[in-house]
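Worksheet for the structure shown next.
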Amino acid sequence: MNQKLILLLLIVVSIFQSSVAQNIQLKGTVQSIDADNIKVPLHYANVYWFGRSTGSTTNENGIFSLQKPVYENLYLIASYIGYVNDTILVFKDQTEISISLMKDGNLPPVVISAKRDALYISMLNPAQTQVITSAGLQKLACCNLSESFENNATVDVEYTDAVSGAKQIQMLGLAGIYSQLLTENIPSIRGIALSHGLGYIPGSWMESIHISKGTSSVINGFEATTGQINVEYKKPENSDRLHMNIYANELGKIEGNLTSAHKINNNLSTILMLHGENLASEIDRNNDLFYDLPKTSQVNLFNKWRYEYKDKFVTQFGLKLLSEERNGGQITKNTNDNTANDLYGIGIDTKRYEVFAKAGIPFSNPENSLGIVINTSGHRQNSFFGNNIYNADQKSFYSNFIYQFIIKNTDHKISTGISYQFDKYEEHLVSSSSDTLMVKTENIPGVFGQYTYSFRKKVTLIAGFRADIYNNDKKFITPRLHIKYDLTSKTILKASAGKGYRIANVLSENMGVLASSRKKIFVEMLKPEEAWNYGFSLTRYFSIKDKKATFILDFYRTDFINQVIADMETRYDEVSFYNLKGQSFSNSAQAEIIFEPIDRLEINAAFRINDVRTTINGKLDQKAFSNRHKGLLSLSYATKFEKWQFDLTAQYNGKIRVPNTDYLPTVYKSDEKARSYILFSAMITKRFKYWDIYVGGENLTGFKQEQAIIASEDPFGPYFDTTYLWGPIIGRTIYMGIRFSIK
């Protein structure tokens, strides 16, 4: 089967290449002539065919390459800011040209100034994509990726339990396991690393975050069902020579970050990023005699290199190393607890490495290129939760070869290639009632093809298809479609539909279950998860009294064909894992407006409605711990030249259904729905030439969930459970920090 798929891919490539052969390459230069009659290359000048949508730009040496039909004479237009446009007739058999532009002496001097957008919606990407820029990341303390979404309406971040400190995201009402997390378009935080992986990406390392709703491109795999989050790290070729960030909060947490970029020569550059954090305090603000957050220490290192040889070859490669320890549990025994002699503790020791390499090879036609991505990683976790011992090891390898080319012109683009994903898991769970060793190996080769069609810059269509084989047995067939239609220059309609698959790792993905007294029951062999996602978005750009504004309305639905159910509602003393029997779906509708009513005041307001239902033990019901209503209001004001910046965010969290507690003793029972609540956070930043000083607070009203742990006074008893977490348990947290940068 593998050979047939590869043969089919080669046939498709050869067919498309035969159509490309009808074009030839026009190579040329664009330059200006100064007062001494010396020719000076113009970099990033625009060149395009008259009456067509095909064009290109010059490189730093003023050189460009552009496809041209063999049997046509065409007019070529060259333009550059501050110069007079020139139109040149290019004959049908001509392959080289030199263009000289004259300065426009009638243009007045122009002073350009611009304010960095903190958040914007991509107008070009057919997928509904939000981009959080470096300016947006500095509106929050952003200690790590999990804390970068507090003022974002699309992504929610919640603690998975009340003792381990693990966090997970939610998109479209569903857990983050259904959203693909990428770092520079490489699937890296996955499998066992998902439970704490959001904390492995420090905020000071990030250049931007790209958040896409719905199914994504087939190029990056079959996993993204509800969305995709891609983190772009700082680049060695254009980052600050030195950047430091020191953070501390009233809980006793201290963090330090250092990034240093160095351009060795015109071809080679590197960046070193270091991160260290420590939380040594005993924090118990809800007075349940358990650590609200475990004591944590982390050391994290990332070294990345970039090499570029003219315009012929670009490669990046790097190494990441991480070591983290978490220790928590009971602080002291309850005076009424006579059932155990020892304190209940948790400990998580994680060691992780990652090595990657990427290369881009353009051909004679710059629109044709080959991309290569290789990534290998190892993740080791040794942990205990009371009497439960959980040790896990994951070895992974990922490769992706992507060939991109055009057919006749840039209106028709093809991306095709092959990928391979390998994972080996060893999980050992020891509890008072069982000793389970699970060894799993996953081999997943795949092929894919994606066609992009642009029509008069008004319609863009991306149709993708990939086929993967899981362990020489199961076939994952993944079709996906994205359409973008510009109703007007300021009104954009986007629609998407596609399928996604996922292989569950139920123990590492349900870390809170490991910390409870529940028995783990595997009812049947678990199948891969499979779901369809489809939706649309409408984006309208407009002005309010000459001030720019953006309105976004979207709706997405996810329908599961199969889903792995973690049933914690049928019995109080068990969690059962089985395949979906019945319906499971999610509907998510959101309205958002981003506008600037006065100079330097940005307002972002959003409201979302989720309807998420799952069949548990034969009953279709609202999914537990899923917010039905969510509101966001974010205000940001900067003084002139951004010397001072003030940021305020309010989050409204609607009522949440909690799992059924009728089978528990009366003292542990709770209402069917948890109450709604509002969280406030704020930060003030003062900027100097090289320094930034910031101070802020999270959860300023100090709201806390009253009972986060069931039976906390009897942690070795039958009712002990840490998973009934629907709200914050920390309360108010004040922090401050200093940033220092040398350009």
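Judged by the mean number of other Cβ atoms found within 10 Å, the most tightly packed of the peptides 379-386, 663-670 leads the ranking 379-386, 663-670. Over 18 Å apart at the Cα level, from the set K27/K310; K424/K499; K494/K545; K253/K743; K458/K548, are K424/K499; K494/K545; K253/K743; K458/K548.
Using Cβ point charges alone (K and R +1, D and E -1), the dipole size of region 176-325 about the Cα centre works out to roughly 720 debye.
Counting other C-beta atoms within 10 Å, and keeping those with at most 14, which DSSP coil trypsin sites (Lys or Arg not before Pro) do you find in region 254-308?
none
When +1 charges are put on Lys and Arg Cβ atoms and -1 charges on Asp and Glu Cβ atoms, the dipole computed for region 232-742 relative to its Cα centre reaches about 2420 debye. Enter the angle in degrees (range 0 to 90, nearest 10) between the Cα long axis of helix 2-20 and the first principal axis of the Cα atoms of the chain, meaning the one along which they spread out most. So the helix axis and the longest Cα principal axis differ by about 30 degrees.
Which aspartates and glutamates does K547 reach when only Cα atoms under 15 Å apart count, and residues fewer than 8 places away in its own chain are ignored? In chain and number order, the partners are D117, E596, D599, E602.
Ordering of 679-687, 79-87 by packing is 679-687, 79-87, highest average first (other Cβ atoms within 10 Å, averaged per residue). For region 204-215, putting each phi into the Karplus relation 6.51 cos²θ - 1.76 cosθ + 1.60 with θ = phi - 60° gives couplings of 5, 7, 8, 8, 6, 10, 10, 10, 10, 8, x, 5 Hz, in residue order, rounded to whole numbers and with x for Gly and Pro. Here K440 is the anchor, and the aspartates and glutamates within straight C-alpha reach of less than 19 Å, apart from those fewer than 8 places off in the same chain, are E223, D393, D423, E426, E427, D468, D473, E509, E524, E529. Here's the picture: charge each Lys and Arg Cβ at +1 and each Asp and Glu Cβ at -1 in the chain, and of Q180, M438, L301 the one pushed furthest to the positive end of that dipole is Q180. Note on K103: lysines with a C-alpha under 21 Å away, same-chain residues under 8 apart excluded, are K39.
Reducing region 633-649 and region 403-451 to their Cα centroids gives an inter-centroid distance of 42 Å. The phi-based Karplus calculation (6.51 cos²θ - 1.76 cosθ + 1.60; θ = phi - 60°) puts the 3J(HN,Hα) values of region 607-621 at 9, 10, 10, 10, 10, 10, 10, 9, 8, 10, 6, x, 10, 7, 9 Hz, whole numbers, x for Gly and Pro. Work out the FRET efficiency for S208 and K474 from their Cβ-Cβ distance, taking R0 = 41 Å, and round it to the nearest 0.05. Calculated value: 0.70.
Listed peptides 703-709, 163-169, 152-158, 532-538 appear in the order 163-169, 152-158, 532-538, 703-709 once ranked by packing, highest mean of other Cβ atoms within 10 Å at the front. In terms of its alpha-carbon gyration tensor, region 431-572 comes out oblate; a/c meets the 1.5 threshold, while b/c is at least as large as a/b.
Every number in this text was worked out from the coordinates using simple rules, so none of it is lab data. Just so you know, these numbers come straight off a predicted model, no measurement behind them. Quick reminder, even Gly has a Cβ in these numbers, built from the backbone with ideal geometry, and neighbours come from all protein chains shown.
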